[in-house]
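See below for the structure under consideration.
The values are calculated or read from the model by the stated rules, or taken from the named source; none is laboratory data. This is a predicted model, so every value here is computed, not measured. A quick note on method: Cβ atoms are made from the backbone with ideal geometry, for glycine too, and the neighbour counts reach across all protein chains shown. Remember, those area values only see protein heavy atoms, side chains included, never the ligands or the DNA or RNA. Shrake-Rupley method; radii C 1.70, N 1.55, O 1.52, S 1.80 Å.
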Amino acid sequence: MASEAETAYELFIGGREAPSASGERRTLTDPATGEPVATVSFGSRDDARAALEAADRAFRESNWASDDGARRARALAKLAALLEARAEVFARLETRNVGKPLREARGDIAYVVRTLEYFSGLADKVEGETIPVPGPRFDYTVREPLGVTVHIAPWNYPLLLAVRSVAPALAAGNSVVLKPASLTPLTAVAFARLAREAGIPDGILNVVPGSGRDVGEALVDDPRCRSVTFTGSGEVGPRIAELAARRLVPVTLELGGKGPVLVFPDADLERAAKAIGYGIFGNAGQMCWAASRLLVHESIRPALLDRIRRIAEGLKVGPGLEDGVEMGPLVSQEQADRVLDYVEIARSDGGTVVTGGGRPPDARLSAGHFVQPTVLADVPPGSRAVREEIFGPVLAVASFAEPDEAIAAANATTYGLLAALWTRDLATAHSVARRLEAGMVVVNEAPTTFPQSPFAGVKGSGLGFEQGARALEPYARRKNVLVHLGSPKRS
Ligand code: NAP
Ligand code: MG
């Protein structure tokens, strides 16, 4: 059981916790203070192979796949209930590991619970179909799990983004090997323990902390791996797809974004400002679907910008566990430096820093990886600060005069994850939503999703989709069975 006092985490393979083959351990530090949080066994290629072996054996020898789906449904529902009962411990662990405010971490864990419940409800509904064909024949499909599915997760929502794909894979009867991000493996290991408690057979859920280059690639580049679900950067995603393509293994890629927010003159500015604040300062901007480019109609620009500036300047920045904190540190010094580099790029390309743009002056925060909530204005569209994903609390503001101009600017990116738009006019809402190159559009809403809604990116933001009832598809392939019925026997 995960407890806060606990400080040592191991690999979780075949239902057992064990150190890595090499014996390597890493110390994880609190991004807000630099203090040690826990140590974790750090896996290598050998451990990746051991996990694939355990998963493959469990898939063949346990009855997880062959049993009635109702059994998997019950196990996933029990897992949801166990997690809900320990939600506070998990949320605190996530906050200490990632840095996010406890309120947000609680939201993450509640979302994981809901995801497990949702896919639990689908585990006994993996249905095939019958197909009319000519002659005395019976044609039908059955849905079958693939075998071992590999899941590689990033550090920004460690447990949430892992379970988003692990839950449907398990529901469909696969066995799973999960590689969490090197920086944030703790809740994934704690989760595997709960899965054992929930009655998921040993070897069906394995967790191997370790580097992407070693553990990640060894998991993907192995004949036992039958599918890969990767959530992470646009640099690594295509590399995974290449490795998988060599063996014709299907991939789902959930990559980055550079989300536009279009605000039309009739928008509710008060609500829009709050939502825009959440969409870029939530999780300190470390969100794939962050609303990082504001495109505002020139007539309302001063009013909206003023509201957003006040929100940015009023945010309580500090350690995520502290009461009332609204924005935590970035996950690592490397990320904080990267974000500040982009602010410099914006400045030197001719943009203006409306607010923020540096580290907070508060000396109490100097040991953490904090960056101020930052708003940039009029950065030229060609600047890297406008084109590339910053993955931090940095909003770039530009204005438009005509809707066509706003739509063209919104689409002028290699990404296409989430786009937001604000208007009270129904025709504008639907017609602009249609023209935005994005996997998801929110209207008069902050970035929001539910386990039952598809989550997807287009263009450089990804391949395939997650969430929703169809999310089982990649984990339950169709087999077609055609039976010739012969001629009826005479009696
Ligand atoms: P990342 O560097 O791509 O890493 C993601 C995961 O892949 C980590 O577990 C990483 O391991 C692993 N990895 C790295 N190189 C690998 C390789 N060669 N082979 C196999 N695995 C490898 O991304 P990140 O820096 O953790 O996360 C930030 C990115 O994720 C952002 O671009 C963000 O937009 C994206 N993201 C997308 C979504 C979405 O749903 N679309 C959601 C959240 C985040 P290590 O930790 O050892 O590097
Ligand atoms: Mg990375």
task: Could you run the Karplus curve 6.51 cos²θ - 1.76 cosθ + 1.60 with θ = phi - 60° over segment 321-328 and give me ³J(HN,Hα) per residue in whole Hz, x for Gly and Pro?
output: 7, 6, 4, x, 5, 10, 9, x
message: When the expected Rg is taken as 2.2 N^0.38 Å, what fraction or multiple of it is the alpha-carbon Rg of segment 260-443?
response: 0.99
field: segment 8-255 - share of DSSP beta bridges that are antiparallel (%, nearest 5)
entry: 35 percent
query: Per-residue ellipticity at 222 nm for the chain, helices alone: DSSP H runs ≥ 4 residues times -39500 (n - 2.57), over residue total, nearest 500 deg cm²/dmol?
result: -11000 deg cm²/dmol
- request: Read phi for every residue in segment 18-35 and hand back ³J(HN,Hα) as whole Hz from Karplus 6.51 cos²θ - 1.76 cosθ + 1.60, θ = phi - 60°, with x for Gly and Pro.
  value: 8, x, 6, 4, 7, x, 5, 10, 10, 9, 9, 10, 6, x, 8, 10, x, 7
query: Can you list the HN-Hα couplings for segment 446-459, worked out from phi with the Karplus curve (6.51, -1.76, 1.60; θ = phi - 60°), rounded to whole Hz and with x for Gly and Pro?
result: 6, x, 9, 8, 9, x, 8, 9, x, 10, 7, x, 10, 6
field: Calculated SAXS-style log₁₀ I(q)/I(0) at q = 0.18 Å⁻¹ - segment 321-393, Debye, Cα scatterers
entry: -0.69
task: Sketch the reach of a paramagnetic label on Arg490 as a point 7 Å from Cα along Cα-to-Cβ, and name the residues of segment 128-158 whose backbone nitrogen lies under 20 Å away.
output: 136
message: To test your reading of the geometry: what angle, between 0 and 90 degrees and rounded to tens, separates the Cα axis of helix 269-281 from the longest principal axis of the chain?
response: 60 degrees
Charge dipole magnitude, Cβ of K and R +1, D and E -1 - the chain, Cα centre, debye nearest 20: 1360 debye
- line: Subtracting the Cα-Cα distance of Glu88 and Ala245 from 0.36 nm times their residue separation yields 52.4 nm
task: Indicate the gyration tensor shape class of segment 438-480 (rounded, prolate or oblate), computed on the Cα atoms with a ≥ b ≥ c the square roots of the eigenvalues: a/c under 1.5 is rounded; otherwise a/b larger than b/c is prolate and the rest oblate.
output: oblate
query: Accessible area of Lys125, 1.4 Å probe, to the nearest 10 Å²?
result: 110 Å²
message: Let's test this: bin the Cα-Cα distances of the chain at 10 Å from zero up to the farthest pair and state each bin's percent.
response: 4, 20, 28, 25, 15, 6, 2, 1, 0, 0
- request: Could you tell me how many degrees, from 0 to 90 and to the nearest 10, lie between the Cα long axis of helix 236-245 and the main elongation axis, the longest principal axis, of the Cα atoms of the chain?
  value: 20 degrees
- request: Take every Cα pair under 8 Å in the chain that's 6+ residues apart, average their separations, divide by the length, and report that relative contact order as a whole percent.
  value: 18 percent
- prompt: Amide H to amide H, which residues 5 or more places from Thr29 or on other chains are under 5 Å from it, using H placed in the peptide plane?
  reply: Val37
message: Compute the distance from the alpha-carbon center of segment 434-455 to that of segment 318-332, in whole Å.
response: 27 Å
- request: Express as a percent, rounded to the nearest 5, the fraction of DSSP beta bridges in segment 97-226 (both residues included) that run antiparallel.
  value: 20 percent
message: Rounded to the nearest 5, what % of DSSP beta bridges with both residues in the chain are antiparallel?
response: 40 percent
message: Going Cα to Cα from Lys100, which aspartates and glutamates come in below 15 Å? Please leave out same-chain ones fewer than 8 positions away.
response: Asp30, Glu88, Asp108, Glu322, Asp323, Glu326
